[in-house]
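Q: Quick one: structure below, then a few questions.
The values are calculated or read from the model by the stated rules, or taken from the named source; none is laboratory data. Since this is a predicted model, take the numbers as computed values, not measurements. With ideal geometry, Cβ positions are generated from the backbone for all residues, glycine too; neighbour counts draw on all protein chains shown.
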Amino acid sequence: MSTPTSAGAESDPSPTTDDRPRLNSILIPAASEALERARARHGLSRADAVNHALQLYGFIVDQLAAGGTLLIRDAQGSVNRVDVRFGPDGEAL
């Protein structure tokens, strides 16, 4: 059974037998709001939403490090370049 922690992440009090890392983090307000939007939109648990976000972040970081560019096509068909940078407090700049 999962129990909420003070940081809003779910923790499992039962012992685990695998070596998967566990995460307990206090989120900044913008990240907390984004997490809740993702959960509501896709019906995900907090853990699943964070796992998806970290995988997407890793993919984007790898692509940018290899010289790629992040482009988003909006609903009207316009293509916009997205500059991904993060400040020391984790806030998107």
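Q: Looking at (1) modelled with pLDDT under 90; (2) surrounded by 10 or more Cβ atoms within 10 Å (Cβ to Cβ); (3) in a loop (DSSP other than H, G, I, E, B); (4) not basic (Lys, Arg), find the lone condition where Leu44 falls short.
A: So the condition that Leu44 fails would be (1).
Q: Do you know which of the residues in region 18-37 that are farther than 21 Å from Arg85 by Cα, surrounded by 11 or more Cβ atoms within 10 Å (Cβ to Cβ) and not basic (Lys, Arg) is modelled with the highest pLDDT?
A: Glu36
Q: If you check every pair at least six apart or on different chains, which have Cβ atoms under 9 Å apart with a residue in region 33-53 that is free of Cβ contacts under 8 Å to residues at least 40 places away in the same chain first and a residue that is of a type in the set (Ser, Thr, Tyr) and loosely packed, with under 13 Cβ neighbours inside 10 Å second?
A: Qualifying pairs under 9 Å: Arg39/Ser45.
Q: List every residue pair whose Cβ atoms lie under 8 Å apart, where the two residues are 6 or more positions apart in sequence or sit on different chains, the first residue falls within region 63-76 and is assigned to a strand (DSSP E or B), and the second residue, located anywhere, is among the basic types (Lys, Arg).
A: Within 8 Å, the pairs are Leu70/Arg81; Leu71/Arg81.
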